[in-house]
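Presented below is the structure to which this report refers.
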Amino acid sequence: MMLVPCPWCGPRNATEFRYGGAAGARPDLVSATPQQWREYLYTQRNPLGWSREGWYHRAGCRRHITIERHTGTNEVRLAEDG
Amino acid sequence: MSLTTPNPTSTRVRPGRLAPQPGEVIDRRRPVTFTWNGSTHRGFQGDTIASALAASGVRVFSRSYKYHRPRGLLTADFLDPGCSVQVGDEPNVRGGHRLVENGMVVSSQNTWPSLRFDVKAVNGLAGRFLAPGFYYKTFIKPQLLWPLYEKVLRRFVHAGEVPEAGTGGVSGETFDKRYAHPDVVVAGGGPAGMAAAAAAARTGSRVMLVEEEHELGGHLRWGDADDLATLRDLRAQVAAEPGIEVLTNAVVSGRFDDNWLSIVERGLPQVFERLVKARAKTLIVAPGLIERPYVFEGNDLPGVMLSTAVRRLVNLYAVRPGSRAVVLTANPEGDAAVEDLRRAGVEVAAVVDARAGDTVVRATGRSGVSQVELSTGARIACDLLVTAVGWTAPTSLLNMSGDRPVYRPSAARFLPDPQRMPDDVLATGGIVGDGTVTELVAHATAIAGAAARRAAARARAIGEAVPTRGDDAPALPDPDPTPVDVPVLAPADHPELFRSSTHGFVDFCEDVSSKDLVIAIKEGYDSIELVKRYTTVTMGPAQGKLETVNTVAIVAEATGRTMAETGTTTWRPMYAPVTLGALAGRIHEPVRYSPMQRWHEQHGATPLVAGQWIRPEHYGDPAAEVRAVRTGVGIIDVTPIGKLDLRGPDVAELLNLLYVNKWSKLGVGKVRYGVMCAEDGVVMDDGVTGRLGEDRYLMSTTSSGAATVWEWVEDWLQTSHPDWRVHVTPVTTAYASINVAGPRSRELMARLVSGVDLAPDAFGYMQVRTGSVAGVDDCVLWRIGFTGELSYEVHVPASYGLQVWEALMAAGEDLGVVPFGVEAQRILRLEKGHFIVGQDTDGLTKAYSSAVDWAIKLDKDDFAGKPELVWQREQGPTTQLVALQPVDRATVPEEAAQILGEDGRIAGRITSSRMSPTLGRAICLGQLEPSLATPGTLVTVRLVDGRDIRAEVIEGLAHVDPEGTRQRV
């Protein structure tokens, strides 16, 4: 089981967290086209390499954090703005 | 026949128990009696099932998987493919490992009518019948007969008997789980492992030393006097270090991300198996080497054994494994076996030295080896053939860490590739190379030094990564950054010996021969992974530990490739078998009760499991409870309803975002019903939220949605709107919640409430007040109507819940107050046409399919799910929530019964249905295509038993009081 680097609690077991999927900004509702909205909702890129992800430390500090994970090696690091 | 002493009348010594041996592990003062296939045998404490039986002259332990050939001991340890046995209720016990106990009932598995005369051995005569891929070739068609084939084939498999559910298991024994956070885990307790553990502990590391056998020592245990002296010394070193926790009869079965290790501990007191989940800072892999069988004709006959098996039997268990032996040796360990046999009084008829180019061609015999033919042409009579042809490095844990072992022909084995090993995994001992015990210990000591330093560096990094670490926390380790000098431990030269000039068994568990592998390759399965899947080689209980390298060698030979080119199959977790019980562990399932639970139990409530909560389903007669609420007054425990305390100046803005409806104008003292949608427009939750003060709100959610909604609210606040000033506190269990419902509820409430004017014009429908109930201050009361009756939902500080409940029951006695349960509430809300999220909607039901169009305010700038709802409204919903009444008043269609269109296609489904005590008829809610949703439409409902009934779509959703006059009084 991988360790997730929580910026508040330190590295903790992944089971303490809920995976929130690839992190991406919510499009602006007024200007977003249907295409952009659906991409945001349903299209997951699933790259081989570094991916920005939201994780929620539900069994810890209950903070939503953003980390970067290498999908090939499960190497993780806290995003700059995590 | 029990032969604990040599038969004096015989000229030749017979298999049996020897005089005491210097390294023996049996306790001769403690004899043990057990049965084997019904006959009584004796052994000593410390004996394995296999050694005790071998000491009494037993040679045949099982019948093989496909051909039902007699099988004896091969490795005499955990891996031995020939002696999986049934012990009482427990199937597939490793007889070479499990210690014998007094009164044990041991039997061979799936042999009929007996081990000696197994009728299924005819399979061997049928020859090609069971060629590789025979399942695919013979039984593939017709498909309809597969269940029959499976039944027949099943009888031929030598697995044990699993007891019927409920009767199994050993009484008083259980399974368990444990978490550990050692600095260093050492996998393997041989000389290298013991030395590594002691060296790491001496630097201050907390060490877990895991050994698969029943005691530490590895191959030193069956070694010479020097080995035994070193063994005593290393054991003393381990015992002297309090920082070492020794787990014997345990195995590191898997290595996962970030050194998360699964360790299976077996045979603890009262604990059958325990799964240890250890987060190790560093892992030292020191499993030693596994001796490899040799492939030749007759290599599975009872009496053909590996040199380590013979040395274990003689030195650990004082068992003479035969009378007249031929030994094929290619290494010093094989030579040592010759010495052990001579010392045990076994006549060594021939020593075949593979280093000189000689080998064994075939072994023959009926129920055991009786003659061996050599490459020189000589034929020698014997009852024991010992082979010592090389070693397999069990690299599983390294593979699981990302390593790819590399084949080295000069050493005739696969070796780890240090370049590919992660920093937190190290290896020592036989898996790395060969050497004297002194050299092994020196290598292990150096590796342990490196492991301890890396563990300390890791501990420091973890500690520094915790910003909330207090000033008074223990000091972090200060690791020595200089790299440790690790002496070279080079693998010794060894001849490559895999197969003789004849064909024999490669996988003894799965009965796969070298000829089967060659046939598979000829049929085109030319990659090692394909050969494995087609022939099932390496897929039996030994999981490749004995047979992988031979498989690679034979595939390489048959394809004309080198072994390095052929490569190996992948080693995956688990390295060793683990029971499902250990994986399940102890059942830790939290259960939640309301403060009134004791009262419910005392008053005959039928419990209902609702998620984590246990709730009263009813108190005997749900229909009577419904009538009481409609005519008088009832109270229900609704504590599980989710409750969030929201405070701050921006709560209204938050609510506008979370709910589809508008909240800006909700006045203090008012409550409003709201619907929440996820971003895909699907209804996620609903509930009422009340404004208790200028900046203070109390939100209610469904019971099952409480946790989800809380996390969702936090998500919005933390990631999208961190600037909003809102505090969210979950108060679900801070309050006990009671709904007081029925036309006489106001009368009952008036007797207990103080500080709140209950007059209809002072405390109207959809309003909230705070006040005192039954003397308990700080209660929140809201007037809402899930049941459709005049009702008050009272949220009481949890510790006073029972008092208020009992006060309501006592004060309402003359009013005929009754408690009602979840079932009555479901009926009441269905009569009223209130839908339940998740029952009348599902994971695809968007808001416009849920009859809440009135609540959806698309003119709001933003709210969760808005774009999807805009499109749903433009396109029109695919289904609509409707209320239906069967024409036959007495037939209640099952929930999930399908609604059919005129042409017979599925046009919808019943989502809720009950017999209404109020109307005396069946009532339903359903999801239905809009074309059929017009009130007055008659539709067909197909019942589970296949009958079709007619039902009418009614106006609105409410079957009872559609005008809502009862709840507004």
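Under 5 Å between amide H atoms, partner at least 5 residues away or on a different chain: which partners does residue B:427 have, H built in plane at 1.01 Å?
Close amide H contacts, sequence-distant or interchain: B:285.
Convert each backbone phi in region A:44-52 into a coupling constant with the Karplus relation 6.51 cos²θ - 1.76 cosθ + 1.60 (shift: θ = phi - 60°), then list the ³J(HN,Hα) values in order as whole Hz, x for Gly and Pro.
9, 7, 6, x, 8, x, 6, 9, 8
May I ask for the net charge around residue B:388, where only other residues with Cβ less than 11 Å from the Cβ of residue B:388 are counted and Lys, Arg are +1 while Asp, Glu are -1?
Residues close to residue B:388 contribute a combined charge of -1.
Could you report the accessible area of residue B:462 in Å², rounded to 10, computed with a 1.4 Å probe on the protein chains as they sit in the structure?
It works out to around 50 Å².
What is the sum of charges around residue B:403, taking Lys and Arg as +1, Asp and Glu as -1, for the other residues whose C-beta is under 11 Å from the C-beta of residue B:403? Please report the intermediate quantities before stating the final value.
Working: positive: B:255, B:404, B:420; negative: B:417.
In short, +2.
Ignoring everything except DSSP H segments at least 4 long, calculate the 222 nm mean residue ellipticity for chain B; use -39,500 (n - 2.57) per segment, divide by total residues, nearest 500. Provide the component values of the computation, followed by the final result.
Details: 24 runs with 224 residues, N = 969.
-6500 deg cm²/dmol, from helical runs alone.
How far apart, in nm, are two points set 7 Å out from the Cα along the Cα-to-Cβ line at residue B:587 and at residue B:179?
About 2.2 nm, to one decimal.
Dipole magnitude of region B:498-588 about its Cα centre, charges +1 at Lys/Arg Cβ and -1 at Asp/Glu Cβ only, in debye to the nearest 20? Write out the running numbers ahead of the final one.
Working: 9 positive and 10 negative charges, 59 e Å.
Value, rounded to 20: 280 debye.
Please report, in Å, the Rg and the Dmax of region B:865-968, where both are computed over Cα atoms only.
When restricted to the Cα atoms of region B:865-968, Rg and Dmax are 14.7, 44 Å.
Give me the compactness ratio for chain B, meaning the Cα radius of gyration over 2.2 N^0.38 Å.
On the way: Rg = 37.5 Å, N = 969, 2.2 N^0.38 = 30.0 Å.
That ratio works out to 1.25.
At R0 = 22 Å, how high is the FRET efficiency between residue B:601 and residue B:707 if r is their beta carbon distance? Nearest 0.05 is fine. Walk me through the numbers before you get to the answer.
Details: r = 26 Å, r/R0 = 1.17.
E(calc), rounded to 0.05, equals 0.30.
If you count only protein heavy atoms with a 1.4 Å probe, what accessible area per residue comes out for the protein assembly as shown, rounded to a whole Å²?
43
Probe radius 1.4 Å, ligands and nucleic acids ignored: give me the carbon and sulfur share of the accessible area of chain B as a rounded percent.
Working: 21000 of 39950 Å².
It is 53 percent, rounded to a whole number.
Can you check what the net charge comes to around residue B:360, using other residues whose Cβ is under 13 Å from the Cβ of residue B:360 (Lys, Arg +1; Asp, Glu -1)? Present the calculation step by step, with values, prior to reporting the outcome.
Numbers: positive: B:362, B:379, B:499; negative: B:297, B:353, B:358, B:373.
Computed value for this residue: -1.
What's the ranking of B:627-635, B:91-99 by average number of surrounding C-beta atoms within 10 Å, highest first?
Numbers: B:627-635: 23.1, B:91-99: 21.0.
In descending order of packing, they fall as B:627-635, B:91-99.
Measure off 7 Å from each Cα along the Cα-to-Cβ vector at residue B:270 and residue B:727, then give the distance between these two points in nanometres to one decimal.
4.6
Once the Cβ-Cβ distance between residue B:367 and residue B:490 is put in as r, and R0 is 51 Å, what FRET efficiency do you end up with, to the nearest 0.05? Please list the in-between numbers first.
On the way: r = 44 Å, r/R0 = 0.86.
Result of the calculation: an efficiency of 0.70.
Kindly compute the accessible surface that chains B and A hide from a 1.4 Å probe when together, both sides summed, and give it to the nearest 100 Å².
Interface between B and A: roughly 2400 Å².
Can you give the log10 of the normalised intensity I(q)/I(0) at q = 0.10, 0.12, 0.26 Å⁻¹, computed with Debye over equal Cα scatterers of region B:642-731?
Rounded to two decimals, the profile gives -0.21, -0.30, -1.64.
Kindly tabulate the residues in region A:1-19 with an accessible-area decrease of at least 30 Å² between the chain alone and the assembly of all protein chains, using a probe of 1.4 Å.
A:1, A:3, A:8, A:11, A:13, A:18
Under 5 Å between amide hydrogens, which residues at least 5 positions from residue B:613 or on another chain qualify, with H placed 1.01 Å from N in the peptide plane?
B:592
Expressed as cubic angstrom per residue, what is the convex hull volume of the alpha carbon set of the protein assembly as shown?
Working: hull volume 234.4 nm³, N = 1051.
Output value, Cα hull per residue: 223 Å³.
In peptide B:459-471, what is the residue-averaged number of other protein chain Cβ atoms found within 10 Å of each Cβ?
Numbers: counts 0, 0, 2, 5, 1, 1, 8, 7, 5, 6, 2, 0, 0.
Other-chain Cβ atoms within 10 Å of each residue's Cβ, averaged: 3.
Which whole-Hz ³J(HN,Hα) couplings does region B:463-472 yield from phi under the Karplus relation 6.51 cos²θ - 1.76 cosθ + 1.60, θ = phi - 60°, glycine and proline marked x?
Calculated HN-Hα couplings, in order: x, 6, 7, 9, x, 8, 4, x, 5, 8 Hz.
List the equivalent ellipsoid semi-axes of chain A in whole Å, largest first, each obtained as the square root of 5λ for an eigenvalue λ of the Cα gyration tensor. Kindly include the intermediate steps, with their values, before the conclusion.
Working: eigenvalues 128, 45, 20 Å².
Equivalent ellipsoid semi-axes, largest first: 25, 15, 10 Å.
Place a +1 charge on the Cβ of each Lys and Arg in the protein assembly as shown and a -1 charge on the Cβ of each Asp and Glu, then give the dipole magnitude about the Cα centre in debye, rounded to the nearest 20. Write out the running numbers ahead of the final one.
On the way: 112 positive and 124 negative charges, 463 e Å.
Dipole of the protein assembly as shown, to the nearest 20 debye: 2220 debye.
Ignoring ligands, DNA and RNA, how do B:221, B:533 rank by accessible area with a 1.4 Å probe, largest first? All intermediate terms of the calculation are to be shown ahead of the outcome.
Working: B:221 15, B:533 105 Å².
Order by accessible area, largest first: B:533, B:221.
Run the 1.4 Å probe and let me know the accessible area of residue B:574, rounded to the nearest 10 Å².
For residue B:574, solvent-accessible area is about 60 Å².
Sequence-distant or interchain residues sharing an amide H contact under 5 Å with residue B:253, placed H: which?
Under 5 Å from the amide H of residue B:253 lie the amide H atoms of B:262, B:263, B:264, each far enough along the sequence or on another chain.
Calculate one ³J(HN,Hα) per residue across region B:340-357 by plugging θ = phi - 60° into the Karplus curve 6.51 cos²θ - 1.76 cosθ + 1.60, and present them in order as whole Hz with x for glycine and proline.
So the J values, rounded to whole Hz, are 4, 5, 4, 5, 7, x, 7, 6, 8, 6, 7, 10, 9, 9, 5, 5, 8, x.
The values are calculated or read from the model by the stated rules, or taken from the named source; none is laboratory data. Because the structure is predicted, anything quoted here is derived from the model rather than measured. All Cβ positions, glycine included, derive from the backbone under ideal geometry; neighbour counts span all protein chains shown. To get the accessible areas, we keep the full protein, side chains included, count just its heavy atoms, and leave off ligands, DNA and RNA. Shrake-Rupley method; radii C 1.70, N 1.55, O 1.52, S 1.80 Å.
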